[in-house]
Amino acid sequence: MANRLTHIVTRTGDDGSTGLADGTRVSKGDARISVIGTLDELNSHIGVLLAEPLPAEIRQELLQIQHDLFDLGGVLAFPGAPFTQDKLARLDGSIKHFNAELPPLREFILPGGSRAAALCHVARTQTRCAERNLVLLMQHEIVSPEGLRYLNRLSDLLFILSRVINRAANQPESYWKKTET
């Protein structure tokens, strides 16, 4: 592999702009950059989750998701690039696989349980943030809808994985109880 990042400090962003993959310079406040930044935050949250003890199968899934998120960020950094349908199909398969052995939910569950499951919930909420930011971008620019579908499914998968992680840790789920006012 060639040296892709030979200079980390370039000073080209000192004026509040950043470069897209096609060479275009945009404001760091641009909606596209906001989505890319939120994906970076999400990827970092998954990295923190991966620092926890996890079942090997979940670890492998999360590592693949990190690669997918870099791919999605790359697609957004190169306006007009497609995000492939196969990533969405893989997520759908993972959702079906990991959800198969979970008991059905009859009530909302509170985020928490084991530390790893709680971190998985944090990643899930960050996924929703990235999804909202992408929707805002799509209201003004043409972006492949596959990325939006991917994020929507990813939040579902992360919810399921939090439940699987808690089960693996023998942590009971905490169910929401409506408080009386």
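The values are calculated or read from the model by the stated rules, or taken from the named source; none is laboratory data. Small disclaimer: the values here were computed from a predicted structure and weren't measured. Because the Cβ atoms are built from the backbone with ideal geometry, glycine has one as well, and the counts that use them run over all protein chains shown.
Overview of results
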quantity	calculated
The range 101-115: number of residues that are under 22 Å from the mean Cα position of the chain (by Cα) and among the basic types (Lys, Arg)	1
Residue among 127, 179 that is within 30 Å of residue 25 (Cβ to Cβ) and of a type in the set (Val, Ile, Thr)	127
Pairs, first of a type in the set (Lys, Arg) in the range 151-177, second surrounded by fewer than 16 Cβ atoms within 10 Å (Cβ to Cβ), C-beta under 7 Å, six or more apart	153/92; 163/102
Sole residue being closer than 18 Å to residue 147 by Cβ, aliphatic (A, V, I, L, M), modelled with pLDDT of 95 or more and surrounded by 11 or more Cβ atoms within 10 Å (Cβ to Cβ), chosen from 20, 39	39
